[in-house]
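Written below as structure tokens is the structure these notes are about.
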Protein chains: 2
Amino acid sequence: MSSRPAPFGLFGAAAGSAIFQLIREAGPLARADIGRITGLSKSTVSQHVERLLRLGLVTEEPDARYPAGRKRKQLVFNESAGYVVAIDLGATSVDIALCDLGASVLEHRELLDVAVSDGPQRVLGRIVEQVDDLLAKHAITPDQLYGMGMGVPGPVEFSTGHPIHPPIMPGWHKYPIKEFLTERYGCLVYIDNDVNVMAVGEAKYGAGVGVENQLFVKIGSGIGCGVILGGRLYRGTHGCAGDIGHISLRGNEELCSCGNRGCLEAIASGRALSRLGTRLAMDGESFELAQVLTQKGTVSAEDIAYLARRGDPLSLSLLRMSGQAIGEVLAGIINFINPSLIVVGGGVSKSGQRLIATIKEVILSKSTPLATSTLEVVPSKLGGMAGVIGAAALVVDEVFSQERVFAMVNQEGMPSAGGD
Amino acid sequence: MSSRPAPFGLFGAAAGSAIFQLIREAGPLARADIGRITGLSKSTVSQHVERLLRLGLVTEEPDARYPAGRKRKQLVFNESAGYVVAIDLGATSVDIALCDLGASVLEHRELLDVAVSDGPQRVLGRIVEQVDDLLAKHAITPDQLYGMGMGVPGPVEFSTGHPIHPPIMPGWHKYPIKEFLTERYGCLVYIDNDVNVMAVGEAKYGAGVGVENQLFVKIGSGIGCGVILGGRLYRGTHGCAGDIGHISLRGNEELCSCGNRGCLEAIASGRALSRLGTRLAMDGESFELAQVLTQKGTVSAEDIAYLARRGDPLSLSLLRMSGQAIGEVLAGIINFINPSLIVVGGGVSKSGQRLIATIKEVILSKSTPLATSTLEVVPSKLGGMAGVIGAAALVVDEVFSQERVFAMVNQEGMPSAGGD
């Protein structure tokens, strides 16, 4: 034993998994670095590293900082040891990506000819078709496919992977997506709400890297929020944490799709903007909006954002009202949960800087000074890729959970098919 | 290794601390139970148990379920191995309790002749006087005093134990309470916000035992909330999580003590009720309230609660307005954090069932059905003792944190560090 005591629990077999996690999260690392960080002896480190090399979970590469002659080597997590498939099921499109174990996208496909409202059979059929093709094209064997992750646009019971009364997903209530994919591909499968998945993507690889407590707010046709606390996705008791779209605002009597009145979503979402814009156009309140209505038969949130950028006062006031309402709700949430960061994403958020500026302004005026003293509000970094990257990150994290790594390292085996 | 694999990390020295935590949290347990639960061999369990017995951290007692002749024994956490002092600093009183390591109160004293506004020197002087007396009376030696926990009525930076601009604690901003007590008593000292401390008390020993995600809402002269997520107190990025008193409500223009307008606290707290009641009494709106004002010179929240119970319509409507506003704010919070339980405490909450009933009614009508499907809203179980019991629980948990238990158990020197 070296002079530095090893941290709690870092003994025997546990050391092997700890060394692997260290390489995965903080690598590349030389063997000596690992000894220094863990306090384990040179021979103990070597013993475990040899096993990780044999398992193919890490590789040892020359350290580029030293001349070739010196032969200094570093241990690197072998991101190519396996693959995951990430799926982002949107309202009117499906994104599918083949990723390595570092959640890097190797190939990405976007299906625009399939909508979630087509129902599970048709949608899953199209997904399977593409996944089969991706696996064949990249010559990936069943034992190389470690897992699949999928985000869906509705509430999901995470443990079972079943959608629960998803409003915009007719036919999907309690549909056994997880069982279906597990049976077909024999790998780990995780299904979650799309906003949760995007929050994980931004937190791991996007605008929120390294931030302990952060919220991902999606402003699209609906409004939702993914909650990352202590660096981990928080789902709540029934898996519906982050449902800010149905927080109601005093004095707001708009009827919401949920049946209640006054919900944030009923005045601030893309759907609400479209409805309110159409109403104003029909009432002849705005010449510009009326023109759009005549041309297209409807006014979309994108139309309003476009007209706002061109200076149309009513479109500007619609976006301002949306930002104001979202800001008010977030101000309360910020007092309550005291995060360090708010990442704003979703289609409507891309309409320009004005919406995020209004949201920030309201937060600063309505949240307490202590809660906002170091708070940042920033746009999404991953944009439309947040869903697939998040789905990949979600499943990779599950594949390399403490328990699974422990089993992998000690059974000299890879995660077995369906080994949950 | 036995036929059942031991859980992750349960090897070598780590097993000793794991066995101790198991006995502390799930005891009394027979040695055979420990073997069954951990998967460790009989001889390994025995070896560690003997050490815990020698250290005095556990005792072995006859199992009362068996006749004396059978000599079946159980291992029990030795709650008398040491002591902690718990302090609840209120606005106009101080509660001090000597507790054992099970957070059971051995002696409790309430000082009513000292107010937090007297400033740190006088208040801490009075506390030290009582603590010294308690320790002497119970013949507790310095090495038997494991720690001190204290709740204070204002924001606290937990890591330093410094109050940060506490509005009702003049002279306490950044006062080194923790350093002062550590230097004097040479034990672990933890200072936290009073509502956080109460939340821990209710979660560990009160209305919230065994519930993963719960909120403790204090309705007193102010309004605050303690947030327990995944069974642990969540403090947020700056330690100010749970600050629901300054969430603002649209259409509410009351000036708050924080300088903002429209805060929940400005219309729903005990202080707000008192101010609104006094105003109504002066305006001659209510004969009953005017009578109280004439007799006492002011109308307190307790007076309003008393008159409401006697049927005074204006007092009833004040309480209803308070419950309505608190319910609206909580409804939003519930959608966002999806807890299983809300525990309501604090002076005003004791005014009768009516307030909690109104709060429940608003929550059910404004939160989503999924978020409230199994939600319970219950009154505090520990009442006025939540603060001291919580402070004791907080410090006991820190005393027996994984790292500290590991150090305690290994002080003697464990066998084969690094071996299985």
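Please enumerate the residues belonging to region B:281-291 that are part of a helix (DSSP H, G or I) and closer than 16 Å to B:ARG310 by Cβ. Within region B:281-291, B:ALA281, B:PHE287, B:GLU288, B:LEU289, B:ALA290, B:GLN291 meet the criteria.
With respect to the conditions (1) out of contact with any strand residue (DSSP E or B) (no Cβ under 9 Å at 6 or more places or on another chain); (2) part of a strand (DSSP E or B), A:ASP192 falls short on a single one, namely (1). Per the conditions (1) more than 17 Å from A:ILE337 (Cα to Cα); (2) within 11 Å of chain B (Cβ to nearest Cβ); (3) of a type in the set (Phe, Trp, Tyr), the sole criterion not satisfied by A:TYR190 is (2).
Selection within region B:228-264: residues that are in contact with a strand residue (DSSP E or B) (Cβ under 6 Å, 6 or more places away or on another chain) and within 8 Å of chain A (Cβ to nearest Cβ). The member of this set that is farthest from B:ILE168 (Cα to Cα) is B:TYR234.
Residue-wise test of (1) within 14 Å of another protein chain (Cβ to nearest Cβ); (2) within 24 Å of B:PHE216 (Cα to Cα); (3) among the polar types (S, T, N, Q).
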site: B:LEU307; (1), (2), (3): no, no, no
site: B:LEU314; (1), (2), (3): no, no, no
site: B:VAL329; (1), (2), (3): yes, yes, no
site: B:VAL348; (1), (2), (3): no, yes, no
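Consider region A:131-156 and keep the residues that are part of a loop (DSSP other than H, G, I, E, B) and more than 14 Å from chain B (Cβ to nearest Cβ). The one that is nearest to the chain's Cα centre (by Cα) is A:PRO153.
Only a single criterion out of (1) buried (at least 22 other Cβ atoms within 10 Å of the Cβ); (2) out of contact with any Ser or Thr (no Cβ under 9 Å at 6 or more places or on another chain) is not satisfied by A:LEU330, namely (2). Of all residues in region B:79-110, those satisfying the criterion of being modelled with pLDDT under 95 and either over 16 Å from the mean Cα position of the chain (by Cα) or part of a helix (DSSP H, G or I) (or both) are B:GLU79, B:SER80, B:ALA81, B:GLY82, B:ALA91, B:THR92, B:SER93.
Just to be sure before I move on: is B:ASN335 among the polar types (S, T, N, Q) and not in a helix (DSSP H, G or I) in the structure I sent?
Numbers: among the polar types (S, T, N, Q): yes; not in a helix (DSSP H, G or I): no.
So B:ASN335 fails the test.
At pLDDT below 85, crowded, with 20+ Cβ neighbours inside 10 Å and within 27 Å of B:GLY231 (Cα to Cα), is that true of B:GLY39? Against the criterion (at pLDDT below 85, crowded, with 20+ Cβ neighbours inside 10 Å and within 27 Å of B:GLY231 (Cα to Cα)), B:GLY39 does not qualify. Restricting attention to region B:376-410 and to residues that are surrounded by 19 or more Cβ atoms within 10 Å (Cβ to Cβ) and in a loop (DSSP other than H, G, I, E, B), the residue that is farthest from the other protein chains (Cβ to nearest Cβ) turns out to be B:LEU382.
Out of B:THR298, B:THR294, B:THR237, one residue alone is of a type in the set (Val, Ile, Thr), in contact with a helix residue (DSSP H, G or I) (Cβ under 9 Å, 6 or more places away or on another chain) and not in a loop (DSSP other than H, G, I, E, B). It is B:THR294.
If you filter region B:208-227 down to residues that are at the interface with chain A (Cβ under 8 Å from one of its Cβ atoms) and not hydrophobic (A, V, I, L, M, F, W, C), you find that the one that is farthest from B:SER322 (Cα to Cα) is B:GLU212.
If you check A:VAL292 against the conditions, is it more than 20 Å from A:ALA325 (Cα to Cα) and either more than 14 Å from every other protein chain (Cβ to nearest Cβ) or under 15 Å from the mean Cα position of the chain (by Cα) (or both)?
Working: more than 20 Å from A:ALA325 (Cα to Cα): yes; either more than 14 Å from every other protein chain (Cβ to nearest Cβ) or under 15 Å from the mean Cα position of the chain (by Cα) (or both): yes.
In short, yes.
Every condition in (1) within 14 Å of chain A (Cβ to nearest Cβ); (2) on the phi > 0 side of the Ramachandran plot holds for B:SER340 except the one numbered (2).
Among the residues of region B:157-173, those that are within 19 Å of B:CYS258 (Cα to Cα), without any contact (Cβ under 8 Å) to a residue 60 or more places away in the chain and away from chain A (no Cβ under 13 Å) comprise B:MET169, B:PRO170, B:GLY171, B:TRP172. Close Cβ contacts (under 6 Å, 6 or more residues apart or on different chains) running from residues in region A:281-301 that are crowded, with 16+ Cβ neighbours inside 10 Å to residues that are acidic (Asp, Glu) comprise A:GLU288/A:ASP312; A:VAL292/A:ASP303.
Against the definition (in a loop (DSSP other than H, G, I, E, B) and either surrounded by fewer than 21 Cβ atoms within 10 Å (Cβ to Cβ) or touching a residue at least 40 places away in the same chain (Cβ under 8 Å) (or both)), how does B:GLY201 come out, yes or no? Judged against the criteria, B:GLY201 is not a match. Of all residues in region A:244-262, those that are more than 19 Å from B:ASN252 (Cα to Cα) have Cβ atoms under 8 Å from Cβ atoms of residues that are of a type in the set (D, E, K, R) and in a helix (DSSP H, G or I), 6 or more apart or on another chain, in A:GLY245/A:GLU265; A:HIS246/A:GLU265; A:CYS256/A:GLU265; A:SER257/A:GLU265; A:SER257/A:ARG271; A:CYS258/A:GLU265; A:ASN260/B:LYS366.
Mind checking which residues of region B:350-375 are within 14 Å of chain A (Cβ to nearest Cβ) and either in contact with a Cys (Cβ under 8 Å, 6 or more places away or on another chain) or part of a helix (DSSP H, G or I) (or both)?
B:VAL362, B:ILE363, B:LEU364, B:SER365, B:LYS366, B:THR368, B:PRO369, B:LEU370, B:ALA371, B:THR372 - these are the residues of region B:350-375 that are within 14 Å of chain A (Cβ to nearest Cβ) and either in contact with a Cys (Cβ under 8 Å, 6 or more places away or on another chain) or part of a helix (DSSP H, G or I) (or both).
Name the residues in region A:50-101 that are touching a His at 6+ places or on another chain (Cβ under 6 Å) and surrounded by fewer than 16 Cβ atoms within 10 Å (Cβ to Cβ), would you? Of everything in region A:50-101, nothing turns out to be touching a His at 6+ places or on another chain (Cβ under 6 Å) and surrounded by fewer than 16 Cβ atoms within 10 Å (Cβ to Cβ). Report whether or not B:ALA30 is within 20 Å of B:VAL156 (Cβ to Cβ), surrounded by 14 or more Cβ atoms within 10 Å (Cβ to Cβ), of a type outside the set (D, E, K, R) and touching a residue at least 40 places away in the same chain (Cβ under 8 Å). Taking the combined requirement at face value, the residue does not satisfy it. Per this entry, A:LEU264 is counted among residues that are at pLDDT 95 or above and in the same structural domain as A:SER340 (by TED's automatic domain parsing).
The values are calculated or read from the model by the stated rules, or taken from the named source; none is laboratory data. Since this is a predicted model, take the numbers as computed values, not measurements. Glycine also receives a Cβ, built like all others from the backbone with ideal geometry; neighbour counts cover every protein chain displayed.
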